[in-house]
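Chemist: What follows is a structure written as structure tokens; I'll ask about it next.
The values are calculated or read from the model by the stated rules, or taken from the named source; none is laboratory data. If you're wondering where the values come from, they're calculated on a predicted model, not measured in any experiment. For neighbour counting, all protein chains shown are included, and Cβ atoms are generated from backbone atoms with ideal geometry for every residue, glycine included. The accessibility values were calculated without ligands, DNA or RNA, using every heavy atom of the protein model including side chains. Shrake-Rupley method; radii C 1.70, N 1.55, O 1.52, S 1.80 Å.
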Amino acid sequence: MLYAILCYNEENVVATWTKEEDDACMARLMEVQSSMATRGKLGPVVRLWNTNEAKTLKKANGQPAVFDGPFAETKEQFLGFYIADCESMDDALDFARELAKANPGAGSYEIRPLRFFGDNKLASTEMLNVAAE
């Protein structure tokens with residue numbers, strides 16, 4: 001089953017990391033990712049730009065309105081995500097625990113099973129193969 005592992009942290013803290021600190025964190029995360037990737041169990045891994053680069057489209061009174069940045073004001077921001085093919089929620093949690101060890105400071109990981117809908121007929125392994133191309 002595919003799981004989305006959503007990564008949250010305090011953007012203002014992460015933004016203060018030096019290039020060396022950021023590079024070291026990314027290297028540790030790549031080490032964690034490598035075992036999933038070599039087994040063909042890792043799909044897209046995405047690091048988002050900062051929230052000041054974002055827009056939110058919110059529908060009000062039936063009409064869409066565009067706002068700068070994320071709409072919710074929170075202490076932690078959504079900074080990126082992984083798509084992982086895991087046998088169970090426990091396996092997805094184990095992967096998230098390893099990611100958390102590699103990432104310094106606070107933060108959180110939200111793990112959600114993915115559901116396919118509409119005409120999307122791709123099985124989990126097919127989805128990962130498409131993502132790797």
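Chemist: Scanning for something of a type in the set (Ser, Thr, Tyr) and surrounded by fewer than 13 Cβ atoms within 10 Å (Cβ to Cβ), does the range 78-85 turn up at least one residue? Let's see the steps before the verdict.
Modeler: First, pick out the residues of the range 78-85 that are of a type in the set (Ser, Thr, Tyr): 82.
Remaining after also requiring surrounded by fewer than 13 Cβ atoms within 10 Å (Cβ to Cβ): none.
The answer is no, given that none of the residues of the range 78-85 is of a type in the set (Ser, Thr, Tyr) and surrounded by fewer than 13 Cβ atoms within 10 Å (Cβ to Cβ).
Chemist: Further question on the same structure: Within the set of pairs 6 or more residues apart or between chains, which connect a residue that is more than 16 Å from GLU11 (Cα to Cα) inside the range 60-71 to a residue that is open to solvent by less than 100 Å² (accessible area, probe 1.4 Å) and of a type in the set (Lys, Arg) with Cβ atoms less than 9 Å apart?
Modeler: Note: pairs meeting the criteria are PRO64/LYS58; ALA65/LYS58; VAL66/LYS58; PHE67/LYS58.
Chemist: Would you mind telling me which numbered condition in (1) modelled with pLDDT of 85 or more; (2) closer than 18 Å to GLN33 by Cα; (3) open to solvent by 60 Å² or more (accessible area, probe 1.4 Å) PRO113 fails?
Modeler: (2)
Chemist: For ALA92, which of the numbered conditions (1) open to solvent by less than 70 Å² (accessible area, probe 1.4 Å); (2) more than 16 Å from ASN12 (Cβ to Cβ); (3) without any contact (Cβ under 8 Å) to a residue 60 or more places away in the chain; (4) not in a strand (DSSP E or B) fails to hold?
Modeler: It fails just one condition, (3).
Chemist: Residue check: is VAL46 under 26 Å from LEU93 (Cα atoms), in contact (Cβ under 8 Å) with a residue 60 or more places away in the chain and loosely packed, with under 15 Cβ neighbours inside 10 Å? Please lay out each step first, then the result.
Modeler: Values: under 26 Å from LEU93 (Cα atoms): yes; in contact (Cβ under 8 Å) with a residue 60 or more places away in the chain: no; loosely packed, with under 15 Cβ neighbours inside 10 Å: yes.
So VAL46 does not fit the description; no.
Chemist: Go through (1) hydrophobic (A, V, I, L, M, F, W, C); (2) in a loop (DSSP other than H, G, I, E, B); (3) open to solvent by 80 Å² or more (accessible area, probe 1.4 Å) for VAL66 and report which single condition fails.
Modeler: (2)
Chemist: Hey, could you check the range 1-20 for residues that are in contact (Cβ under 8 Å) with a residue 60 or more places away in the chain and part of a helix (DSSP H, G or I) and say which is farthest from SER88 (Cα to Cα)? Even if it seems obvious, please write down each step before you answer.
Modeler: Filtering the range 1-20 down to residues in contact (Cβ under 8 Å) with a residue 60 or more places away in the chain leaves 1-11, 13-14.
If we keep only those that are part of a helix (DSSP H, G or I) too, we end up with 11, 13-14.
Working: GLU11: 30, VAL13: 32, VAL14: 31 Å.
Only one residue fits best here, namely VAL13.
Chemist: Go through (1) free of Cβ contacts under 8 Å to residues at least 12 places away in the same chain; (2) surrounded by fewer than 13 Cβ atoms within 10 Å (Cβ to Cβ) for ALA24 and report which single condition fails.
Modeler: Against the list (1) free of Cβ contacts under 8 Å to residues at least 12 places away in the same chain; (2) surrounded by fewer than 13 Cβ atoms within 10 Å (Cβ to Cβ), ALA24 comes up short only on (2).
Chemist: Would you tally the residues in the range 52-93 being touching a Ser or Thr at 6+ places or on another chain (Cβ under 6 Å) and aromatic (Phe, Trp, Tyr)? I'd like the intermediate steps shown before the answer.
Modeler: Taking the range 52-93 first, the residues touching a Ser or Thr at 6+ places or on another chain (Cβ under 6 Å) are 67, 69-71, 77, 85.
Those still in the list that are aromatic (Phe, Trp, Tyr) too: 67, 71.
Counting residues in the range 52-93 that are touching a Ser or Thr at 6+ places or on another chain (Cβ under 6 Å) and aromatic (Phe, Trp, Tyr) gives 2.
Chemist: Evaluate the range 22-33: report whether one residue or more is aliphatic (A, V, I, L, M) and either more than 17 Å from ALA102 (Cβ to Cβ) or in contact with a helix residue (DSSP H, G or I) (Cβ under 7 Å, 6 or more places away or on another chain) (or both).
Modeler: Going through the range 22-33, the residues aliphatic (A, V, I, L, M) turn out to be 24, 26-27, 29-30, 32.
Filter once more, keeping what is either more than 17 Å from ALA102 (Cβ to Cβ) or in contact with a helix residue (DSSP H, G or I) (Cβ under 7 Å, 6 or more places away or on another chain) (or both): 29, 32.
Checked against the condition, which is being aliphatic (A, V, I, L, M) and either more than 17 Å from ALA102 (Cβ to Cβ) or in contact with a helix residue (DSSP H, G or I) (Cβ under 7 Å, 6 or more places away or on another chain) (or both), the range 22-33 yields at least one hit.
Chemist: Follow-up question, since we're still on this one. Scan the range 49-63 residue by residue and report those that are touching a strand residue (DSSP E or B) at 6+ places or on another chain (Cβ under 9 Å), open to solvent by less than 60 Å² (accessible area, probe 1.4 Å) and outside any helix (DSSP H, G or I).
Modeler: Looking only at the range 49-63, we keep the residues that are touching a strand residue (DSSP E or B) at 6+ places or on another chain (Cβ under 9 Å), and these are 50-52, 54-59.
Checking the rest, the ones that are also open to solvent by less than 60 Å² (accessible area, probe 1.4 Å) come to 51, 54, 56.
Correct list: ALA54, THR56.
Chemist: Within the range 27-43, can you find the residues that are assigned to a helix (DSSP H, G or I) and in contact (Cβ under 8 Å) with a residue 24 or more places away in the chain?
Modeler: Going through the range 27-43, the residues assigned to a helix (DSSP H, G or I) turn out to be 27-38.
Those that are assigned to a helix (DSSP H, G or I) and in contact (Cβ under 8 Å) with a residue 24 or more places away in the chain: ARG28, LEU29, GLU31, VAL32, GLN33, MET36.
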